[in-house]
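K.L.:
I'd like to ask some things about the structure below.
Each value in this text was obtained by applying a stated rule to the coordinates, not by laboratory testing. Quick caveat, the model's predicted, so the values are computed rather than measured. Note that we place each Cβ from the backbone using ideal geometry, even for glycine, and neighbour counts take in every protein chain shown.
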Amino acid sequence: MIFAFRKIIECESRRIGFLYLISSAVFLLVGACAALALQIDMFSTSTRFLNPELFGKVLTEHGMAMIFVVLLPLIPGTLGNLVLPAALGTRNLAMPRWNLAGWLCHSIGGVLVLVSIELGAYTSGWTMLQPPAVPVMLFGSLIAGLFLCAVSVLILALCILRTTLSTRHRNIALKQFPLFVWFFLFWALIETLVTPIRLVTLVLTLTAQNDAGSYLSLVDASGIVRYQLLFWLYAGPAVLATLLPAIGITYEVLSAQIRSKLPSRTMLVATGGGLSMLILMSWGQHLVTAAEQEKLAAVGSLFAALTAVPLLLIVTSWLGMIVRVRNVLTVPLAFVWLQLAAMVFAILTTCVKAIPALGVYLHNSYFTVAQLHLVLLGTVFTSFLAGLFHWLPVVANREYKKRFGYLVAGGFAIGNMATFLPMFLLGTQGSPKGLQDYPAQFQSLHLVSSIGATILFGSLLFGMAIAVWSYFNGTPKHAEEKLETIGGEFSYAPLAAGQIGREM
């Protein structure tokens, strides 16, 4: 028993990456089921799948699970632990015990969040802008879960920071970093800066519950504005920062496909650094409807619009690399194509929302919902799938069926278009978000969106099933074959040979 405990405590990064993959898949499944339930309920105005109280509960569960529990730690926790050490020429990320503690915080915090919402701790949305109407103990369990999830992201960021910046924990020079390592580093810097704000805000929110005299009182107009400032100061940069590791993975996938190092690396690193700075400064755009925050909202909207410049440079460099690819229809590249299309659409919609008058009009509409999901699902999650299918043969030592991968990519393409394009149209027509009842003229758009969500959910389940089946039952491949087809900016030889981490 003592030996087993020591084996867990001395867990390696590769093993921790698999643990993050398993826990993230479970929480993702719960969040996706909640989203599907919402879409089924919006299918028709005449029949209801959920009663009003349950609708608010499911809406809150979907938002909190998908953003705070799944997407914030998804790429760094899984692919960061599985691949980043090999890219830096080391066996593990720094502070392995803290890294394991971060996964425990992620798992326990996620369970607390979901159970608390199921018990009715909060039912008014993931931003928590309305006061809770439950006992302090029940609301405190939700705050504790969110606190632990934020701690897990902070620990991940600190592990990546120490591994990349300390010469004791890496075996390559700073100037030799693969490009995707730089983007993971930028993500870690942003999360390290903003996550402490989240931790303080959660503690103050718990102490201010239903107390009109507290600093963050949600029953007082001034307290609500102060809460909005602190919430978006964290949530705005933290959510957008998930783009950075996703962009880095795409560069690595494309580099492997063209089988050469990336050109203009210095310019691309500078572009990533500039994008990170703009992400940090664009948080004020979410305050377009906050009282007496017009100047801050205008400045934030300006910086949000300026993010289009580095994003366009990144998209242009992707297109330049795709031109050099010999086979443009591999499974990882199928997801890169989806990410490229979603990135272009996200740039255009960001510029639209950055116009103050349009930002006020679209802020509480389905347009905002569609844009957020387009960024998170269309760019971040598709990049994660591209990296997963790219590195799966090396990490699992087995091959997956290519035709199944193409089916998943096709399902995501159809599902994304059918789900979110109607939402953009609903937003431009003034349909507010988060409401269960809607006018009859919007039913056809909701119907199409519900069908698209069903396709998207089926593709998600299929993709998860393929990954699990391939890991245990896929066709074995020799290390030389894997390296020949998967090699990118850094050598995969240690990972393929089993020198970086052991099997689960």
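K.L.:
Using 0.36 nm per residue of separation minus the Cα-Cα distance, give me the extension gain between V360 and T266 in nm, one decimal. Please list the in-between numbers first.
P.N.:
Numbers: separation 94, 0.36 × 94 = 33.84 nm, distance 3.82 nm.
30.0 nm is the gain from fully extending V360 to T266.
K.L.:
Can I ask one more? Calculate the FRET efficiency for E294 and V203 from the Cβ-Cβ distance with a Förster distance of 35 Å, rounded to the nearest 0.05.
P.N.:
0.75
K.L.:
Shape verdict for region 8-241, please, from the Cα gyration tensor: rounded (a/c under 1.5), prolate (a/b greater than b/c) or oblate.
P.N.:
prolate
K.L.:
Applying a 10 Å radius around every beta-carbon, put 327-335, 141-149 in order of their mean neighbour count, most first.
P.N.:
Top to bottom by mean Cβ count within 10 Å: 141-149, 327-335.
K.L.:
Rg over Rh of the chain, using C-alpha atoms and the Kirkwood radius, what does it come to?
P.N.:
On the Cα set of the chain, Rg over Rh gives 0.95.
K.L.:
Same structure, new question: Expressed as an acute angle from 0 to 90° and rounded to the nearest 10, what is the orientation of the C-alpha long axis of helix 443-473 relative to the principal long axis of the chain?
P.N.:
In the chain, helix 443-473 runs at an angle near 30 degrees to the longest axis.
K.L.:
With a bin width of 5 angstrom, please list the P(r) values of region 334-388 as percents of all Cα-Cα pairs, from the 0 bin to the one holding the largest distance.
P.N.:
Binned Cα distances yield the sequence 5, 22, 27, 19, 13, 9, 5, 1, 0.
K.L.:
Another question about this same structure. Take the alpha carbon gyration tensor of region 304-378, find the square roots of its eigenvalues, order them as a ≥ b ≥ c, and report rounded if a/c is under 1.5; if not, report prolate when a/b exceeds b/c, else oblate.
P.N.:
Values: a/c = 4.71, a/b = 1.97, b/c = 2.39.
Since a/c reaches 1.5 but b/c is at least a/b, the shape of region 304-378 is classed as oblate.
K.L.:
Let me ask something else about it. Would you mind classifying region 246-491 by shape? Square roots of the alpha carbon gyration tensor eigenvalues, ordered a ≥ b ≥ c; an a/c under 1.5 is rounded, otherwise it is prolate if a/b is larger than b/c and oblate if not.
P.N.:
oblate
K.L.:
Moving on. Tell me the angle of helix 179-207 to the major Cα principal axis of the chain, expressed in degrees between 0 and 90 and rounded to the nearest ten.
P.N.:
30
K.L.:
Using helices alone, I'd like the mean residue ellipticity at 222 nm for the chain: each DSSP H run of four-plus residues gives -39500 (n - 2.57), total over residue count, nearest 500.
P.N.:
Value at 222 nm, helices only: -23500 deg cm²/dmol.
K.L.:
Something else now. When I16, I224, I249 are ordered from fewest to most other Cβ atoms inside 10 Å of their Cβ, what list results?
P.N.:
By the 10 Å Cβ count, ascending, the order reads I224, I16, I249.
K.L.:
From the P(r) of region 172-256, can you give the percent of Cα pairs sitting at distances over 15 Å? Could you put the intermediate results ahead of the total?
P.N.:
Working: 2329 of 3570 pairs.
When all Cα pairs of region 172-256 are counted, 65 percent exceed 15 Å.
K.L.:
Hey, fewest Cβ within 10 Å first, where do K401, K433, K295, K57 land in order?
P.N.:
The fewest-first ordering by Cβ neighbours comes to K295, K401, K433, K57.
K.L.:
Roughly how many Å is it from the Cα centre of region 145-185 to that of region 396-440, as a whole number?
P.N.:
Comparing the Cα centres of region 145-185 and region 396-440, I get a distance of 32 Å.
K.L.:
Around S365, which amide H atoms from residues at least 5 apart in sequence, or from another chain, sit under 5 Å from its own amide H, with H modelled in the peptide plane?
P.N.:
K433
K.L.:
Then there is this: Calculate, in nm to one decimal, what T127 and L193 gain on full extension: separation in residues at 0.36 nm each, minus their alpha carbon distance.
P.N.:
So the extension gain works out to 21.8 nm.
K.L.:
I've got another one for you. Where does helix 13-41 land angle-wise versus the long Cα axis of the chain, in degrees 0 to 90, nearest 10?
P.N.:
40
K.L.:
Additional query: Using Cβ contacts closer than 10 Å as the measure, can you line up M128, M343, M277 from fewest to most?
P.N.:
Fewest-to-most ranking of M128, M343, M277: M277, M128, M343.
K.L.:
Whole-Hz Karplus ³J(HN,Hα) for region 113-129, in order, using 6.51 cos²θ - 1.76 cosθ + 1.60 and θ = phi - 60°, x for Gly and Pro?
P.N.:
3J(HN,Hα) across region 113-129, in whole Hz: 4, 5, 5, 4, 5, 4, 7, x, 5, 7, 9, 10, x, 6, 7, 6, 8.
K.L.:
Round to the nearest 0.05 the FRET efficiency obtained for Y215 and L319 when R0 = 45 Å and r is the Cβ-Cβ distance.
P.N.:
Efficiency at R0 = 45 Å is approximately 0.40.
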